[in-house]
Amino acid sequence: MSTSIDLTATAGLPAPSELEESAAAILHRGSIINDSLQRAHARWSLLADAYEAPEQFQVRGGMDLPRTAGEAVLQAASHAASALRAFAGAVEEIRRKRLELQAEAGELLEKENNCPAPTGALPAGNVPPSLPALLLQSRADQLALELSAAEDECMRALARLERSDGAERRGL
């Protein structure tokens, strides 16, 4: 008998540590942008009382935009980092389950190779998979579905940021 479990759908998983590092980098950059815009707003605020012109209220209101934009950037970076961290957690769990499946498939292959062939066995290549092999393949297929769901959720979370960002820009 031959046990072959197809795990190709979960091959080449991203490294969770790289996803975590990317999340941290996004959050760090968002913080830097927010801090810069908050400092610019604070500097303007020092001059705002001295600024007198017919359009002073419009200018003062316009100078609030960098402050709110900085806050929006930081919030978007935080949401993006959260989405990547959630995906990293899902990938780590899938990786763990995949390793367990590989070990179980190896054990099953060893067991099937050590069993004598039943009398009247089918020729090589025509042997249907055993029930344990089918169950392992079912679990491998489920892992592929879990990976796809985790990818979809991460993309949906990032797409929500894009939609909210466009709505805020139109309001500026």
Tell me the label-point distance for the pair Ser17, Ser138, using the 7 Å Cα-to-Cβ offset, in nm and rounded to one decimal.
3.7
Checking the a/c ratio against 1.5 first, then a/b against b/c, what shape does the Cα gyration tensor give for the range 30-70?
oblate
A correct Karplus calculation of ³J(HN,Hα) over the range 99-113, with 6.51 cos²θ - 1.76 cosθ + 1.60, θ = phi - 60°, whole Hz and x for Gly and Pro, returns 4, 4, 4, 4, 5, 5, 5, x, 5, 5, 4, 4, 5, 5, 6
What nm distance separates the two modelled labels at Met155 and Arg43, each placed 7 Å from Cα along Cα→Cβ?
4.2
For Thr10, Thr68, write out the residues from largest to smallest accessible area, computed with a 1.4 angstrom probe and no ligands counted.
Thr68, Thr10
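Which three numbers, in whole Å and largest first, are the semi-axes of the equivalent ellipsoid of the range 1-121 derived from its Cα gyration tensor as √(5λ)?
Taking √(5λ) for each Cα gyration eigenvalue gives 63, 11, 7 Å.
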If you roll a 1.4 Å probe over the chain with all protein chains in place, what percent of the accessible area is carbon or sulfur?
58
Compute, for the range 49-100, the length of the dipole vector about the Cα centre, with Cβ point charges of +1 (Lys, Arg) and -1 (Asp, Glu) only. Units Debye, rounded to 20.
620
Leu13 long-range amide H proximity, modeled H, under 5 Å
none
Cα lying deepest toward the dipole's positive end in the chain, options Thr68, Gly89, Ala9, charges on Cβ
Thr68
With +1 on each Lys and Arg Cβ and -1 on each Asp and Glu Cβ, and nothing else charged, work out how big the dipole of the chain is about its Cα centre, in Debye to the nearest 20.
300
With unit charges on the beta carbons (Lys and Arg positive, Asp and Glu negative) and the dipole taken about the Cα centre of the range 2-161, which residue among Leu109, Ala144, Pro128 sits farthest to the positive side?
Ala144
Per residue accessible area of the chain, 1.4 Å probe, in Å²:
66
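The values are calculated or read from the model by the stated rules, or taken from the named source; none is laboratory data. All values reported here derive from a predicted model rather than from experimental measurement. Here the Cβ is made from the backbone with ideal geometry for all residues, glycine too, and neighbour counts use every protein chain on show. For accessibility, only protein heavy atoms count, side chains too; no ligands or nucleic acids. Shrake-Rupley method; radii C 1.70, N 1.55, O 1.52, S 1.80 Å.
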